Every structure is written in structure tokens, then in C-alpha cells.
Amino acid sequence: MKFVAKTLMGLENVLAKEIENLGGNNIEIVKRAVVFNGDIELMYKANLFLRSALRILVFIKKFDAKSPEELYEKTKSLNWTEFIGLNQTFAIDATVNSSIFTHSKFITYKVKDAIVDFYYEKYGRRPNISTYKPEIKINVRISEDQIELSLDSSGESLHKRGYKVESLDAPLSEVLAAGILLNTEFQNFENFLDPMCGSGTLLTEALMINTNFPANILREDFGFMTWNNFNNRLWKEIKEEALTQVHEPTIDFYAFDKNRKAIFATKKNLSMLKYGNRIKVDHKDFFKLKNCERFDFIIMNPPYDIRLKDDEILSFYTNIGDKLKQDCAPCIAWIFSGNIKAL
Ligand SMILES: C[S@@+](CC[C@H](N)C(=O)[O-])C[C@H]1O[C@@H](n2cnc3c(N)ncnc32)[C@H](O)[C@@H]1O
């Protein structure tokens with residue numbers, strides 16, 4: 001089977017490494033995605049373990065089409081009974097980057113018509129469309145005249161890990177946080193601090209990586225679970241085996257924030273994870289932090305609120321730099337911000 005793991009721009013190499021570690025074959029990096037080969041077991045593992053993937057697509061067919069009619073005919077010629085049962089519901093999701101096909105909604109209708117007509121001609125009836133929780137999700141990707149049809153094995157985006165029960169303003173995506181962390185060497189240090197933790201995404205993802213807690217083990221729903229070939233026994237075995245690999249943290253984790261709501265949210269989210277209750281989360285202002293030099297690895301995602309005046313945000317970031325240099329040396333510090341100018 002051929003898979004396409006989708007990710008965020010810039011995380012392709014991290015994802016490729018994760019896939020290699022998981023046992024994927026013929027790995028190829030493409031824009032915002034990694035293509036690889038494997039079997040159904042690898043597909044389950046990819047959904048369970050990959051931290052920097054947004055979704056895992058199972059490749060159905062690639063072909064070229066120069067008109068909507070050609071797209072319709074070539075789509076209709078596939079044997080859809082392999083993928084969608086007559087009594088199942090389905091939905092189509094299209095991403096289009098083409099001068100020939102310009103409207104993704106139109107593509108969605110064209111592909112839907114082709115699939116529906118395939119069933120009408122063969123059986124005189126058809127599976128129903130469902131936009132809310134379809135049993136089968138078909139993904140259409142168009143780049144100029146190249147059409148790629150896939151099955152979405154993940155369902156909801158994999159950034160929805162299942163631990164974020166409390167959120168504040170501007171939380172980082174879990175996939176982005178994991179991707180940033182996998183690009184660092186935080187695992188080589190004795191302690192880890194996020195001094196502006198917000199709802200704690202960097203911290204929770206770091207704890208999961210460090211303890212081998214599978215990225216998506218708390219999720220109850222995956223797209224593949226409503227497929228006719230779903231092997232529940234294999235899925236359970238993979239999960240059980242994964243849980244035997246979870247171990248105690250090897251790093252002392254700390255998280256602070258000057259907002260009490262952030263402390264509450266971080267603790268609540270951490271409580272969903274094994275060993276989460278052991279993490280020290282405190283109400284503290286980074287600029288007043290004492291003995292900062294005791295921290296080896298500091299990572300933060302400071303506010304980058306564009307509503308603040310430029311000079312306020314610039315002096316805020318200057319103060320962060322000064323605090324790190326004056327009080328926290330010789331730590332390694334990573335700052336992740338959406339405000340390039342301030343950085
Ligand atoms: C962009 S949010 C962090 C979001 C976080 N990465 C997440 O995923 O939820 C920035 C956080 O910095 C905190 N903060 C701002 N100034 C601070 C300071 N001087 N000391 C500690 N925390 C501060 C804010 O309260 C806010 O929670």
C-alpha cells in the first residue's frame with residue numbers, strides 16, 4: 001500500500017524521520033507531505049504514533065485529466081466497491097492547485113457524481129453522502145492536470161490528540177509543537193522549562209515524546225475504524241504493545257505562566273497523560289524568575305499579539321533576550337513566535 005502523510009510546511013524532514021523509525025519503505029518527501037509504502041499494520045501505527053503528521057491518506061489512484069469530463073470518466077472507471085460499501089456514507093474533500101480546475105467545490109461535486117453514477121449503473125442504488133462523520137472520506141488532490149485520489153484513514157486531523165480539554169488564546173497546534181520539539185535536542189538535557197506555557201502544548205508534547213506516550217492513544221475515533229476491513233484485534237494489539245513501552249520521565253519538566261488560567265489549563269491537560277500529575281506547573285512571571293540558571297533547556301512561545309503596538313512587542317522580546325542572557329545562561333533557549341520582526 002502507498003500512503004501520503006500530510007504535515008505542516010517545514011516539518012517534512014521531521015515527519016520523514018518519524019516514518020523511517022516506524023518502518024516505512026520508499027520514503028519520499030514532497031511539499032507538506034511524505035509519501036511512503038507499508039501495510040495495514042503500518043497504517044494503524046502511523047495514525048497512532050506519528051507526532052508531526054496531520055493525516056494519513058491511503059493512495060487509490062493517480063491519473064491526468066484535462067477537463068471536468070475526463071476527471072468524471074476516469075473517476076467513474078475505478079472499482080469503488082473496494083473502498084465504499086453500498087450502505088456506507090461517504091464524503092469528499094478536495095484540495096486544488098490548478099489552472100484547469102479552479103473551484104474545489106466543483107471538483108467535489110464532479111467526483112461525487114462519478115462515484116454515485118458508478119453505483120447506480122452497477123446496482124441501481126448508491127451509498128449516501130454525509131458531511132457529518134462520514135464512514136468513508138475520499139481525498140482528491142489536484143495539481144494542474146494531475147489528479148490523486150486517496151482514502152483518509154485518520155478522519156479528524158491528528159492534531160486532535162484527545163488531551164486538550166482546556167485551551168486559552170493562541171494555543172500552538174499539537175503537530176507544530178511536536179515538530180518543533182523533534183527538531184531540538186531537548187531529550188539530551190536534565191531539565192526542561194516552558195516559562196510562558198499558556199495551555200501547555202509544548203510541555204505536554206515534550207512529556208509524551210520523553211515518556212514514549214503514543215501521540216494519539218487518547219483518541220477514540222480514526223477514519224479507518226469504519227472501513228469494512230477494520231481489524232480491531234490488530235489495532236488493540238498495537239495499542240497494548242505501545243502502552244508497554246511508556247516509561248517514567250527521564251527529564252524534570254517545569255512550566256510557568258503569569259496567567260492563573262494558563263496554569264489551570266496546563267494542569268488539566270497534563271492530567272490526561274500518564275505522569276502528567278508529576279510535572280511542576282507554577283504561577284510565575286518569567287521576568288521575576290529566580291535561579292533561572294538551574295534550567296538547562298528553555299523553550300517558549302511568547303505572545304506575539306499584533307494588536308499590541310510595535311514598540312511594546314519589540315521591547316517585550318528585547319526583555320526576553322536580556323533575561324535569558326543575564327540570568328539564565330548557560331542554558332539552551334528556543335523561542336517560537338509568529339512575530340518575525342520581534343524575534
Ligand atoms: C502565545 S501564549 C502561549 C501558548 C502556548 N504555547 C500554548 O500552546 O497554549 C503566550 C503565553 O505567555 C504568557 N506570558 C506573557 N508574559 C509572560 C510573563 N512575563 N511571564 C510568564 N508568562 C507570560 C501569557 O500569559 C500566555 O499564556
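So, Leu207, is that one aliphatic (A, V, I, L, M), at negative phi and touching a Leu at 6+ places or on another chain (Cβ under 8 Å) or not? Considered against the rule, which asks whether it is aliphatic (A, V, I, L, M), at negative phi and touching a Leu at 6+ places or on another chain (Cβ under 8 Å), Leu207 comes out as yes.
Restricting attention to the stretch 47-67, the residues being open to solvent by 30 Å² or more (accessible area, probe 1.4 Å) and within 19 Å of Asp113 (Cβ to Cβ) number 3. Only one of Lys267, Lys261, Lys274, Lys325 is within 23 Å of the chain's Cα centre (by Cα) and not in a loop (DSSP other than H, G, I, E, B). Can you tell me which? None of the other options fit; the residue is Lys267. Figure legend. Inter-residue proximity from the stretch 317-341: first residues under 19 Å from Thr184 (Cβ atoms), second residues away from the ligand (no atom under 13 Å from the Cβ) and among the small types (Gly, Ala, Ser), beta-carbon distance below 6 Å, spacing 6+ or different chains. Indicated pairs: Leu324/Ala333. Restricting attention to the stretch 211-253 and to residues that are in contact with a strand residue (DSSP E or B) (Cβ under 8 Å, 6 or more places away or on another chain) and open to solvent by less than 50 Å² (accessible area, probe 1.4 Å), the residue that is nearest to Ala46 (Cα to Cα) turns out to be Gly223. Only residues that are open to solvent by less than 10 Å² (accessible area, probe 1.4 Å) and either under 30 Å from Leu71 (Cβ atoms) or part of a loop (DSSP other than H, G, I, E, B) (or both) were counted in the stretch 156-193, giving 3. Ser104: assigned by TED's automatic domain parsing to the domain that holds Lys31, within 17 Å of Glu144 (Cβ to Cβ), open to solvent by less than 30 Å² (accessible area, probe 1.4 Å) and not hydrophobic (A, V, I, L, M, F, W, C), yes or no? No; evaluated as a whole, the condition is false for this residue.
Being more than 24 Å from Tyr44 (Cβ to Cβ) and among the charged types (D, E, K, R), is that true of even one residue in the stretch 194-208? Yes; the residues of the stretch 194-208 include at least one that is more than 24 Å from Tyr44 (Cβ to Cβ) and among the charged types (D, E, K, R). Of all residues assigned to the stretch 286-293, at least one qualifies as being on the phi < 0 side of the Ramachandran plot, modelled with pLDDT of 95 or more and not in a helix (DSSP H, G or I). Of all the residues in the stretch 199-229, those that are within 16 Å of the ligand (Cβ to nearest atom) and at pLDDT below 95 number 0.
Screening the candidates Ala333, Ala329 for the property of being away from the ligand (no atom under 13 Å from the Cβ), open to solvent by 10 Å² or more (accessible area, probe 1.4 Å) and in contact with a strand residue (DSSP E or B) (Cβ under 7 Å, 6 or more places away or on another chain) yields one hit, Ala333. Being aromatic (Phe, Trp, Tyr) and either in contact with a strand residue (DSSP E or B) (Cβ under 6 Å, 6 or more places away or on another chain) or at pLDDT 95 or above (or both) is a property that Phe316 lacks. Can you say whether Tyr304 is at pLDDT below 95, more than 9 Å from the ligand (Cβ to nearest atom) and buried (at least 16 other Cβ atoms within 10 Å of the Cβ), as far as the supplied structure shows? No; evaluated as a whole, the condition is false for this residue.
If we keep just the residues of the stretch 252-287 that are among the hydrophobic types (A, V, I, L, M, F, W, C) and within 8 Å of the ligand (Cβ to nearest atom), which is farthest from Pro303 (Cα to Cα)? Residue satisfying both the conditions and the ranking: Ala265.
Results for (1) without any contact (Cβ under 8 Å) to a residue 60 or more places away in the chain; (2) open to solvent by 70 Å² or more (accessible area, probe 1.4 Å); (3) not hydroxyl-bearing (Ser, Thr, Tyr), shown as yes or no for each residue.
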{"site": "Trp80", "(1), (2), (3)": "yes, no, yes"}
{"site": "Ala91", "(1), (2), (3)": "yes, no, yes"}
{"site": "Ser98", "(1), (2), (3)": "yes, no, no"}
{"site": "Lys112", "(1), (2), (3)": "yes, no, yes"}
{"site": "Arg125", "(1), (2), (3)": "yes, yes, yes"}
{"site": "Val140", "(1), (2), (3)": "yes, no, yes"}
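The values are calculated or read from the model by the stated rules, or taken from the named source; none is laboratory data. On a predicted model such as this, the values are computed, not experimentally measured, just so you know. Because the Cβ atoms are built from the backbone with ideal geometry, glycine has one as well, and the counts that use them run over all protein chains shown. Areas reflect the complete protein model, heavy atoms only, side chains present, ligands, DNA and RNA absent. Shrake-Rupley method; radii C 1.70, N 1.55, O 1.52, S 1.80 Å.
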